[in-house]
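Heads up, the thing below is written out as structure tokens.
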Amino acid sequence: MLDPDYKAEKEASVSGLTGSSVSHVLRISSVAVTSVALYSALYRYTSRKPSNHVAQWTLLVLPLLLAMTSSSSYPGTLALALLAPCIVITALFGREATTNEAMSIPSAPPPSKVPERKTTTIPQLPALTTYRAHMMLMTVLAILAVDFPVFDRSLAKCETFGVSLMDIGVGSFVFSQGLVSAIPIVKDPSYLASPLLSKVYRTAKKCLPLLVLGVARVIAVKASGYPEHETEYGRHWNFFFTMSLVPVVQSLFHPLILRVPIGVLACTVAVAQQAALYYGLQGFALNAPRENLVSANKEGLVSLPGYVAIDLLGLLTGTIILPPVPDQFQKQLKAVLKSRLTKRSRKDSNEGRERHVVSPNYRENDRTFVKLASYSAIWWFLFGLCYFVELGGGVSRQLTNLSYILWTAAYNTLFIASYYVVDIFFFSYQNTTRYSSVSHLKVQAKADTFPSTTLEGSSAMLFQAINKNSLSVFLLANVATGLVNMNVQTMRVHDTQAMMILCAYSFTICAFAWYFRDRRLPLL
């Protein structure tokens with residue numbers, strides 16, 4: 001058990017915080033993008049490629065850790081320090097490397113008829129791998145770093161209103177979960193029309209490990225006297241419960257997604273959440289006494305619909321970036337809906353899908369980027385309106401209000417688009433979208449001209465390893481955070497010693513992911 005005075009001191013260190021600024025959070029996050037750019041330049045243009053665990057941790061994890069801790073006052077300078085050698089390497093070696101690689105690309109075989117598929121093939125997407133891994137890394141680093149004074153208090157979770165790095169990390173986790181949940185409906189949109197009850201049951205079964213982890217965390221925290229912040233989620237609620245319930249609720253919307261655009265549905269849920277907050281839910285969440293199980297966990301329950309809206313916006317983003325071309329899902333969905341409305345026989349319906357749905361085995365990253373950037377601009381515009389009028393009192397992760405939902409969508413789409421830019425710049429020659437050396441206009445290659453492969457190195461092996469066992473990595477990070485806090489009075493540790501602990505912690509977590517990079521670890 002922790003000393004009561006120290007426990008109170010620790011709880012006070014994360015109470016009453018008002019956060020930082022949008023620009024500060026973006027500058028810290030930009031370090032992640034520039035570190036990936038430097039890694040890409042080194043891997044693409046130099047002979048000594050950063051292909052081992054130590055090199056990738058140094059290039060991709062350490063800069064992010066510094067930006068969140070000792071360098072949080074000047075993250076822009078750190079980003080420029082990473083970008084400068086990237087520019088130099090590209091300028092010195094880029095032209096020669098690109099010429100050699102272009103010469104090594106085999107000539108295209110004669111075009112043949114493109115095979116039609118009933119389901120969509122999802123080619124590899126390095127930008128998504130990088131985004132998801134960096135989101136996980138930021139979370140893993142923050143949950144321990146926040147316990148040390150070296151972590152700026154403005155980056156910790158806000159009490160009620162405000163923006164901070166840890167606040168956006170929570171929403172990003174849900175957004176990423178929604179994005180990945182788009183995989184089955186992108187592969188086969190008729191999945192949306194499958195029997196609802198059996199689908200809800202399967203989804204709940206998949207989320208059971210998260211529910212078990214949530215219960216285990218409650219028991220462990222209460223039994224050990226570990227410091228907890230009640231106004232974060234409630235007396236018993238924690239983020240594992242939110243993560244386990246949101247996918248189940250999302251599956252209930254599948255019949256509606258057949259007829260209502262996902263973006264419209266997500267915005268409707270978000271506006272409904274804001275209206276409910278305005279007409280009394282906000283007052284309940286902020287002022288109601290904790291008299292029963294519901295009021296004791298009011299923050300977690302009140303925020304749940306907002307997280308569902310974020311999940312749906314992630315789902316929308318997934319339907320844009322996962323297919324080989326960004327508008328393919330909408331075309332498939334129209335074909336499925338048309339076959340259902342005309343009440344064709346099952347055989348005719350299947351044949352209709354086969355005639356209308358063609359899944360190319362290449363990506364048009366430029367078109368996908370344009371559509372993604374357009375959505376990002378929309379979310380930023382709407383968030384800007386809400387932010388400047390302080391709708392509902394301002395941005396609130398605790399309430400998951402409309403401003404927070406839009407902030408999460410804007411932030412995540414911006415950084416996915418940023419990773420797209422890095423990937424297109426350094427590895428664009430492997431895309432099927434080609435440009436004529438004479439006219440410099442786009443030339444669309446045949447679907448079978450180039451294989452749907454991804455250049456080795458375009459997404460770091462460390463990132464792939466983290467994504468393969470992301471839940472195991474997250475669980476290990478939570479356990480390690482608890483062990484450190486039970487054995488070290490983190491609030492009284494000098495910054496130098498804190499950085500040593502954080503470096504060892506992050507290196508160990510990454511080593512764990514690296515060691516199991518070739519296998520998927522079962523949790524239950």
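The values are calculated or read from the model by the stated rules, or taken from the named source; none is laboratory data. What you see is a predicted model, and the numbers here were worked out from it, not measured in a lab. Glycine also receives a Cβ, built like all others from the backbone with ideal geometry; neighbour counts cover every protein chain displayed. Accessible surface is based on the protein model in full, side chains and every heavy atom, while ligands, DNA and RNA are left aside. Shrake-Rupley method; radii C 1.70, N 1.55, O 1.52, S 1.80 Å.
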- Task: Report yes if VAL389 is modelled with pLDDT under 85, out of contact with any helix residue (DSSP H, G or I) (no Cβ under 6 Å at 6 or more places or on another chain) and more than 20 Å from ILE321 (Cα to Cα), otherwise no.
- Result: no
- Would you confirm whether any residue within region 198-214 is open to solvent by 40 Å² or more (accessible area, probe 1.4 Å) and farther than 20 Å from LEU245 by Cβ? no
- Task: Check region 475-494 and report whether any residue there is among the β-branched types (Val, Ile, Thr), surrounded by 13 or more Cβ atoms within 10 Å (Cβ to Cβ) and not in a helix (DSSP H, G or I).
- Result: yes
- Query: From the set of residues in region 299-318 that are within 20 Å of GLU228 (Cα to Cα) and open to solvent by less than 10 Å² (accessible area, probe 1.4 Å), which is nearest to the chain's Cα centre (by Cα)?
  - Reply: SER303
- Item | Unique match (being under 25 Å from LEU521 (Cα atoms) and not basic (Lys, Arg)) among VAL150, VAL186, VAL200 | VAL200
- Item | In region 328-353, residue modelled with the highest pLDDT [restricted to those that are surrounded by 14 or more Cβ atoms within 10 Å (Cβ to Cβ) and either over 36 Å from the mean Cα position of the chain (by Cα) or not in a helix (DSSP H, G or I) (or both)] | ARG344
- Item | Matching option when the condition is at pLDDT 95 or above and either at negative phi or surrounded by fewer than 16 Cβ atoms within 10 Å (Cβ to Cβ) (or both), among THR90, THR34 | THR34
- Note on the structure: Within region 50-62, residues assigned to a loop (DSSP other than H, G, I, E, B) and either in contact with a Leu (Cβ under 7 Å, 6 or more places away or on another chain) or open to solvent by less than 10 Å² (accessible area, probe 1.4 Å) (or both) come out as PRO50, VAL61
- Message: Can you tell me how many residues within region 236-253 are touching a residue at least 60 places away in the same chain (Cβ under 8 Å) and surrounded by fewer than 17 Cβ atoms within 10 Å (Cβ to Cβ)?
- Response: 0
- Task: List every residue pair whose Cβ atoms lie under 7 Å apart, where the two residues are 6 or more positions apart in sequence or sit on different chains, the first residue falls within region 276-295 and is among the hydroxyl-bearing types (Ser, Thr, Tyr), and the second residue, located anywhere, is open to solvent by 70 Å² or more (accessible area, probe 1.4 Å) and in a loop (DSSP other than H, G, I, E, B).
- Result: SER295/PRO289
- Are any residues in region 215-232 of a type outside the set (Ser, Thr, Tyr), in contact (Cβ under 8 Å) with a residue 40 or more places away in the chain, open to solvent by less than 50 Å² (accessible area, probe 1.4 Å) and assigned to a helix (DSSP H, G or I), and if so, which ones? GLU232
- Message: Of everything in region 148-161, what is open to solvent by less than 20 Å² (accessible area, probe 1.4 Å) and not in a helix (DSSP H, G or I)? Give them in sequence order.
- Response: PHE148, VAL150, PHE151, ALA156, CYS158
- Scan region 164-184 and give yes if some residue there is more than 25 Å from GLU11 (Cα to Cα), in contact (Cβ under 8 Å) with a residue 24 or more places away in the chain, open to solvent by 10 Å² or more (accessible area, probe 1.4 Å) and in contact with a His (Cβ under 8 Å, 6 or more places away or on another chain), otherwise no. no
- Query: Listed residues LEU192, LEU256; which is open to solvent by 50 Å² or more (accessible area, probe 1.4 Å), part of a helix (DSSP H, G or I) and farther than 30 Å from ASN487 by Cα?
  - Reply: LEU256
- Note on the structure: When every residue in region 372-400 that is more than 18 Å from SER20 (Cα to Cα) and not hydrophobic (A, V, I, L, M, F, W, C) is compared, the one surrounded by the fewest Cβ atoms within 10 Å (Cβ to Cβ) is SER374
